[in-house]
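Visitor: I have a structure here, written as structure tokens, and I will follow up with some questions on it.
The values are calculated or read from the model by the stated rules, or taken from the named source; none is laboratory data. Remember, predicted model here, so these are calculated numbers, not experimental data. With ideal geometry, Cβ positions are generated from the backbone for all residues, glycine too; neighbour counts draw on all protein chains shown.
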């Protein structure tokens, strides 16, 4: 019975054509007369939920009685390494990722062990890209199958022959035993010879203790096996989620992928001036950033990076970008988002401020206590900049060596008012202010009590272009009226102009907790409006997050966190993707029936059709108790207590502006000030606010 080779993917893509060519290469070089087996080739794979989601080709195979003669090392039963020589290798199963490239030989460069290709006259590190794909597939399969095979990764040059690859390698003998480059045409034994470089085949011994005359190549442990029907279903997850996506997410994807109008007041200034999008919560700043980033990518071929300090927002936007099918390759246009801390981490390592204790010639992979020493590292970067140790030469070198992490055409800053002066200076030094686009949340401060001034010393319309967003573009009119009145009751200055076309909105305030009946009613309403569980979001205070200590894989004691009411929610039939949980294995929600659940501290920039604020008063109590007055160099016109109340009650408006249609609030203490403010707001608008005792 011949080997069965199946291809899964979109036939209208280059990658599918690559898969057809690979199928032909396999069929012409595998002896099907003596071999049974099955090969699945997945083209244009989307590893939904992973940091790197796009893989050109994934090849999974299972053979019976296939053998080939190749030159390879082997490993014995005692892990002993056996010499390099011609060996007979039985290939039982394998799992490969293949990154395909159509570059010409003259557009490829080798630096050390890293292969670079040209894109927009810049060099992109395809070796690192290929490695990242391998680990993303490992995480994807581990999450879906609860086991993961050993994965080999390759780079296939569709327009480069083997002689050109040998010329590229030159006299570098090390590369001949380390590389993973495939020429335009090759045979299956050649592919397996490269696979054996990454994963040494096993040479067993006979009953007399002598090595057998053949080896075996396996990517699976003995207890695991490939179910090819299951494998196909696993790679269908992206299409299933896309089809089942709620109306709110579909609308957001449509919005961010639509072209910017050139007559918008800031559009023509992008790339020439600092762009400032200013507005309070709910005026659409974050979605504008995302739309600009996608426009620059899709219509200008640019690589854009969004920076935030909110992990939950990173998760939400990564999911949206994945569903919008924005590519994440290093040699194409793309939009990515990461945390500010992670980006600074890459700068600290890239500029050599820390070294690898195991090998000083290699970049460090980990910085102990980086977060606790974050301010120190910021200052060290600033000191290097001011001392002239970090100039354009060093910046360009870093962009070349860390292209996928640092080399961005545009940088977009979320909640810029909450950044520090040092962080601002570092961004302007690396990218220049004309490549920066910032969202300014006016007086919405979380990280500090002093606003960062990004336009200090700059001339309006000459050095920067600023927009002032005043209309509430997220919430329906009743919700805007509710938030405005609540702010008035709290004594803070706040006024958002509603968009009159957004009719409706409901608020439910419960002093008796969150019941199954209440949940079922709101989920039903959410789904009737063509939304999914993802569009119904839960926010929780620190008191509803359990904490414990455990030892991690490096032997270090770390804190483990999770939502403390997980079991009771499960009993009510509420499935959650718990962003408070330190054991999350995916970058974002991948199941259709899961609600997002996160702490109040992480909700800025997010939205939901329905938002449930659990024990809001307890969160406000926590913020009041943990408030510490900072030195802001401003005139002392307010007492410490006045500053505390202003800061905290302005903060409390952030979760209240996350909902589009329905806002549910539960109160823990009926005697709290928050309960009193909410009660007075209810009495002002009893028509669209429901009170449950």
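Residue by residue, here is whether (1) modelled with pLDDT of 90 or more; (2) out of contact with any strand residue (DSSP E or B) (no Cβ under 7 Å at 6 or more places or on another chain); (3) more than 23 Å from residue 196 (Cβ to Cβ) holds:
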residue	(1), (2), (3)
12	yes, yes, yes
15	yes, no, yes
22	yes, no, no
25	yes, yes, no
33	no, yes, yes
36	no, no, no
41	yes, no, no
51	no, yes, yes
69	yes, no, no
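Visitor: Return yes when residue 45 is outside the structural domain of residue 332 (by TED's automatic domain parsing) and over 20 Å from residue 169 (Cα atoms) and no when it is not.
Guide: yes
Visitor: Within the stretch 554-657, which helices (runs of 4 or more DSSP H) (wholly inside it) include 1 or more residues that are more than 30 Å from residue 291 (Cβ to Cβ), in contact with a strand residue (DSSP E or B) (Cβ under 9 Å, 6 or more places away or on another chain) and at pLDDT 80 or above?
Guide: By residue number, 566-571, 616-626.
Visitor: For the structure I just gave you, tell me whether residue 99 is in the same structural domain as residue 53 (by TED's automatic domain parsing) and either within 22 Å of residue 70 (Cα to Cα) or at pLDDT 85 or above (or both).
Guide: yes
Visitor: A follow-up question, please. Output the residue which, of all residues in the stretch 266-289 that are in contact with a helix residue (DSSP H, G or I) (Cβ under 7 Å, 6 or more places away or on another chain) and closer than 17 Å to residue 658 by Cα, is surrounded by the fewest Cβ atoms within 10 Å (Cβ to Cβ).
Guide: By that ranking, first place goes to 287.
Visitor: Collect the residues in the stretch 71-86 that are part of a loop (DSSP other than H, G, I, E, B) and either surrounded by 16 or more Cβ atoms within 10 Å (Cβ to Cβ) or in contact with a strand residue (DSSP E or B) (Cβ under 7 Å, 6 or more places away or on another chain) (or both), keeping them in residue-number order.
Guide: Of everything in the stretch 71-86, those that are part of a loop (DSSP other than H, G, I, E, B) and either surrounded by 16 or more Cβ atoms within 10 Å (Cβ to Cβ) or in contact with a strand residue (DSSP E or B) (Cβ under 7 Å, 6 or more places away or on another chain) (or both) turn out to be 76, 77.
Visitor: Taking the conditions exactly as written (farther than 20 Å from residue 277 by Cβ and surrounded by fewer than 15 Cβ atoms within 10 Å (Cβ to Cβ)), does residue 391 satisfy them or not?
Guide: yes
Visitor: Quick one: in the stretch 249-278, which of the residues that are touching a strand residue (DSSP E or B) at 6+ places or on another chain (Cβ under 7 Å) and at pLDDT below 80 is nearest to residue 47 (Cα to Cα)?
Guide: 266
Visitor: Let me ask another. Taking the options 222, 216, 184, name whichever one is at pLDDT 90 or above, assigned to a loop (DSSP other than H, G, I, E, B) and either assigned by TED's automatic domain parsing to the domain that holds residue 66 or in contact with a helix residue (DSSP H, G or I) (Cβ under 8 Å, 6 or more places away or on another chain) (or both).
Guide: 184
Residue-by-condition table, conditions (1) surrounded by 21 or more Cβ atoms within 10 Å (Cβ to Cβ); (2) in contact (Cβ under 8 Å) with a residue 24 or more places away in the chain:
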position: 380; (1), (2): no, yes
position: 395; (1), (2): no, yes
position: 398; (1), (2): yes, yes
position: 403; (1), (2): yes, yes
position: 415; (1), (2): yes, yes
position: 418; (1), (2): yes, yes
position: 422; (1), (2): no, yes
position: 431; (1), (2): no, no
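Visitor: So if I check each of 210, 203, which one is modelled with pLDDT of 90 or more, assigned by TED's automatic domain parsing to the domain that holds residue 179 and surrounded by 15 or more Cβ atoms within 10 Å (Cβ to Cβ)?
Guide: Of 210, 203, the one residue that is modelled with pLDDT of 90 or more, assigned by TED's automatic domain parsing to the domain that holds residue 179 and surrounded by 15 or more Cβ atoms within 10 Å (Cβ to Cβ) is 203.
Visitor: Could you identify the single residue in 137, 168 that is at pLDDT 90 or above, part of a helix (DSSP H, G or I), crowded, with 17+ Cβ neighbours inside 10 Å and not assigned by TED's automatic domain parsing to the domain that holds residue 327?
Guide: None of the other options fit; the residue is 137.
Visitor: Of everything in the stretch 19-64 that's touching a residue at least 40 places away in the same chain (Cβ under 8 Å) and assigned to a loop (DSSP other than H, G, I, E, B), which residue is surrounded by the fewest Cβ atoms within 10 Å (Cβ to Cβ)?
Guide: Once the filter is applied, the top-ranked residue is 51.
Visitor: What number of residues within the stretch 484-519 are crowded, with 17+ Cβ neighbours inside 10 Å, touching a residue at least 40 places away in the same chain (Cβ under 8 Å) and part of a helix (DSSP H, G or I)?
Guide: Total meeting the criteria: 7.
Visitor: Does the stretch 444-483 hold any residues that are at pLDDT below 85, under 30 Å from residue 683 (Cβ atoms) and surrounded by 14 or more Cβ atoms within 10 Å (Cβ to Cβ), and which are they?
Guide: Of everything in the stretch 444-483, those that are at pLDDT below 85, under 30 Å from residue 683 (Cβ atoms) and surrounded by 14 or more Cβ atoms within 10 Å (Cβ to Cβ) turn out to be 444, 471, 472, 473, 474, 475.
Visitor: Can you tell me which residues in the stretch 301-320 are in a helix (DSSP H, G or I) and in contact with a strand residue (DSSP E or B) (Cβ under 9 Å, 6 or more places away or on another chain)?
Guide: 311, 312, 313, 314, 315, 316, 317, 318
Visitor: Out of everything in the stretch 116-134 that is assigned to a helix (DSSP H, G or I) and without any contact (Cβ under 8 Å) to a residue 60 or more places away in the chain, what residue ends up being nearest to residue 152 (Cα to Cα)?
Guide: Applying the filter and picking the extreme gives 134.
Visitor: Does the stretch 212-241 hold any residues that are touching a strand residue (DSSP E or B) at 6+ places or on another chain (Cβ under 9 Å) and over 26 Å from residue 80 (Cα atoms), and which are they?
Guide: Those that are touching a strand residue (DSSP E or B) at 6+ places or on another chain (Cβ under 9 Å) and over 26 Å from residue 80 (Cα atoms): 225, 226, 228, 231, 232, 235, 236, 237, 238, 239.
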